[in-house]
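All remarks here apply to the structure that follows.
No lab work stands behind these numbers, since they all come straight from the coordinates. Model, not experiment: these values are computed from the prediction. We place every Cβ from the backbone using ideal geometry, glycine too, and count neighbours over all the protein chains shown.
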Amino acid sequence: MSDAALVELVLNGDQDVFAVLVERYKDAVQNLAYRMLGNATEAEDITQETFVRAYTQLSTYKPVHKFSTWLLSIASHLAIDQLRRRRFLALPLEDVPFLEWIVDVGVSPEQFALQGEQQDEMQQYLQMLPGKYRAVIVLRYWHDFSYEEIAQALNLTQPLVKARLHRARELLARYMKKNITNEEEQIDALPRR
């Protein structure tokens, strides 16, 4: 059954049907919240709050847009609000969910470790981005939103979405380059034999 049909049923009094929408989108909402916040506990809280808000504001949903876009826009706004409250705390390594470390069985232990390090490093770079840039990056590259969908979700114009994506990529490149330079300087500072 389509999302629009499910929403219509809920609006007509069948509240139990909302559980189908929750089941359908809980992973996407939690992933978005985690990518933006870098904290599993906060991501769970934002996920719950997203569905509470979606339920109470369901009458504002317009079926001309995708339900997932509308729902993830609620989640992204809540995550941005949370970022403002806590002012971009760093990701504690113990908060990285176990599922993110699971990879294909055919991967060697070295590749497995490298993938884990790369995921961890990318999450740290994401945490360095201001919330307005982090939101567009997460929606574009983790949720495959189009420019139009990002604009709808964040209540922005498409040119502004493109500009923020461009700026976010520049910042990420700068952070990565600075990290590489710091690592090279540390290696150069090691005593030579």
Leaving out same-chain residues fewer than 8 places away, which lysines sit with a Cα under 17 Å from that of K132? K162
Within 10 Å, count the other beta carbons around each residue, average over each peptide in 120-127, 65-72, 28-35, and list them highest first. 28-35, 65-72, 120-127
Karplus (6.51, -1.76, 1.60) ³J(HN,Hα), θ = phi - 60°, over the range 13-18, in Hz, Gly and Pro reported as x: x, 8, 4, 4, 5, 4
